[in-house]
Amino acid sequence: MSDIPKTDNQAVQEKTQVGNYFISNYPPFSFWSPDNVVDVQRALEHQGDPQTPLGLYVHIPFCRKRCHFCYFRVYTGVNSSQVNTTLDGVVNEMKMYADKPFVNGRRPEFIYFGGGTPSFLSTTQLKSLTDRLKEYLPWDQAKEVAFECEPGTLTESKLEVIKEIGVTRLSLGVENFKDEILEYNGRAHRSKEVFKAYDFARKLGFDHINIDLIAGMMGETETNWKECVDKALEMQPDALTVYQMEIPYNTTIYKEMKEKHEDIAPVADWQTKRDWVDYAFNKFQENGYAVNSAYTVVKDPDKVKFLYRDRLWEGADLVSLGVASFSHVNGTHFQNEHDLDTYLTRVTKGELPVYRALTPTDDERFIREFVLQCKLGHVAVEYFEKKFGQNLIQRFGEIFEQYQQDGYLSIQDGEIQFSRLGLLQVDRLLTAFFLPEHKNVRYA
Ligand code: SF4
């Protein structure tokens with residue numbers, strides 16, 4: 001029982017300290033190793049399973065400014081020639097994958113441009129990059145092309161090009177509507193740029209526009225948060241994603257905490273952040289939206305899909321291009337070099353720039369899919385029986401019992417169903433399902 005996170009008041013009122021809260025993969029990245037890179041070559045040398053969906057991720061590692069809470073691999077202050085060199089590297093990497101038996105004529109079902117800031121690219125760079133990528137891996141069967149944007153980088157003509165290259169899901173990193181808070185947290189954009197970009201995007205008729213907000217930015221107050229939720233609602237996005245602010249080790253905020261010998265981050269505690277997300281979810285639900293994950297509400301769940309998330313959480317293959325990006329190929333997980341110069345040197349030499357890898361066991365793959373699908377709020381017992389021959393109730397009965405008593409979940413209609421209380425802190429609850437060697441370790 002000691003492995004199950006504490007549920008008493010002390011744990012619930014926890015202050016925000018340094019560390020990763022959000023679970024994005026399993027086993028933890030700290031178990032991926034350069035010693036396993038040999039697995040990647042093997043995985044690429046045999047044909048991918050035609051039944052497994054294939055996705056493509058393209059990492060654009062540039063931003064106008066580094067946000068104080070950012071923990072991604074991003075570069076600022078770059079010129080267009082540095083950007084072009086990087087994009088050439090990404091295209092070279094694509095070409096190397098296209099030649100591998102793993103791809104062998106398969107087409108991606110979903111594509112995701114993330115970062116960094118994909119919308120940092122100029123219209124010429126965007127067109128050239130996507131034309132060249134499509135030559136090696138045509139997008140003719142892609143059902144979704146998702147694209148992350150920083151509102152201050154968007155003009156009407158850039159949005160036209162983003163539409164023209166095939167983007168169906170546009171995600172605007174709004175984070176907050178109050179300029180002082182944006183400034184204080186190191187964001188590059190201001191709120192008036194959000195409204196301008198959103199209006200252009202609506203006019204152009206993107207299928208799916210998502211707005212990101214962050215609950216608990218530095219300087220946030222309850223009054224302002226409620227105003228942010230109201231403003232987001234007035235915009236009537238197809239989806240709203242709300243993250244709870246976490247402070248991983250490689251953030252500027254943590255560096256400052258360390259210098260000042262402070263343990264507690266200058267942001268709201270976890271209970272307050274959960275309350276704020278709860279408020280946003282309720283407000284949107286009252287206006288016809290549905291909660292479809294621990295972070296997301298959507299206007300019309302039958303129409304508004306997010307394939308990138310859903311397919312990855314069901315174990316899809318993913319070829320990821322760019323510095324520090326994460327791939328999943330034929331059962332092997334791997335990450336690219338996390339330094340841009342090293343990445344470029346290797347791709348220029350015609351080498352796949354893989355830095356560390358892990359081939360999970362069947363049991364680890366089962367746990368991975370289970371914990372990721374918990375983030376949707378409901379998990380079908382039968383799915384895991386059919387796919388992995390694992391009975392969730394037998395395997396995790398003791399944990400489920402504890403979580404049922406705590407009000408985090410219930411088991412009904414063949415599903416594990418998380419309550420709102422459980423969903424709002426789901427990442428914290430998931431480590432109980434990890435194998436013993438993966439608990440209490442540094443996640444990244
Ligand atoms: S825009 Fe996103 S990727 Fe860029 S610095 Fe800010 S948080 Fe990081």
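Laboratory data are not the source of any read-out in this text; all were calculated from the coordinates shown. All values reported here derive from a predicted model rather than from experimental measurement. Cβ sites come from the backbone with ideal geometry, for glycine too, and all protein chains shown count toward neighbours.
Tabulated data
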quantity: The chain - convex hull of alpha carbons, volume per residue in Å³; calculated: 145 Å³
quantity: Cα-Cα separations in region 349-429 greater than 15 Å, expressed as whole percent; calculated: 61 percent
quantity: Length-normalised contact order of the chain in % [C-alpha pairs under 8 Å, at least 6 apart]; calculated: 23 percent
quantity: Global form of region 11-147, assessed from the alpha-carbon gyration tensor, a/c cut-off 1.5; calculated: oblate
quantity: Across the chain: Cys residues that no other cysteine approaches within a C-beta distance under 4.7 Å; calculated: 63, 149, 228, 374
quantity: Alpha-carbon centroids, region 310-333 and region 384-431: separation in whole Å; calculated: 25 Å
quantity: Long pairs among 100/134; 95/305; 15/192, criterion Cα-Cα beyond 23 Å; calculated: 95/305; 15/192
quantity: Under the Karplus curve 6.51 cos²θ - 1.76 cosθ + 1.60, θ = phi - 60°, whole-Hz ³J(HN,Hα) for region 55-72, x wherever Gly or Pro sits; calculated: x, 10, 10, 10, 9, 9, x, 10, 9, 5, 9, 9, 5, 5, 9, 6, 10, 8
quantity: Value of [θ]222 nm, deg cm²/dmol, for the chain, DSSP H segments ≥ 4, -39500 (n - 2.57) each, nearest 500; calculated: -11500 deg cm²/dmol
quantity: Global size of region 125-244 as Cα Rg and Dmax, reported in angstrom; calculated: 15.5, 50
quantity: Residues whose placed amide H lies under 5 Å from that of residue 122, excluding near-sequence neighbours; calculated: none
quantity: Listed residues 38, 354, 323, most fluctuating in the chain (Gaussian network, C-alpha, under 10 Å); calculated: 38
quantity: Most mobile of 52, 16, 153 in a GNM of the chain (Cα contacts under 10 Å); calculated: 52
quantity: Residue 35 paired with residue 104, simple spin-label distance in nm, labels 7 Å along Cα-to-beta-carbon; calculated: 3.1 nm
quantity: Å³ per residue enclosed by the Cα convex hull of region 189-288; calculated: 117 Å³
quantity: Simple label model, 7 Å out from Cα along Cβ direction - residue 300 to residue 380, nm; calculated: 2.4 nm
quantity: Cross-link partners of residue 439 among lysines (Cα-Cα below 19 Å; sequence separation of 8 or more within a chain); calculated: 6, 375
quantity: Cross-link partners of residue 226 among lysines (Cα-Cα below 17 Å; sequence separation of 8 or more within a chain); calculated: 178, 273, 283
quantity: Residue-wise HN-Hα coupling along region 381-390, computed from phi with Karplus coefficients 6.51, -1.76, 1.60 (Hz; x: Gly, Pro); calculated: 4, 4, 4, 6, 5, 5, 7, 10, x, 10
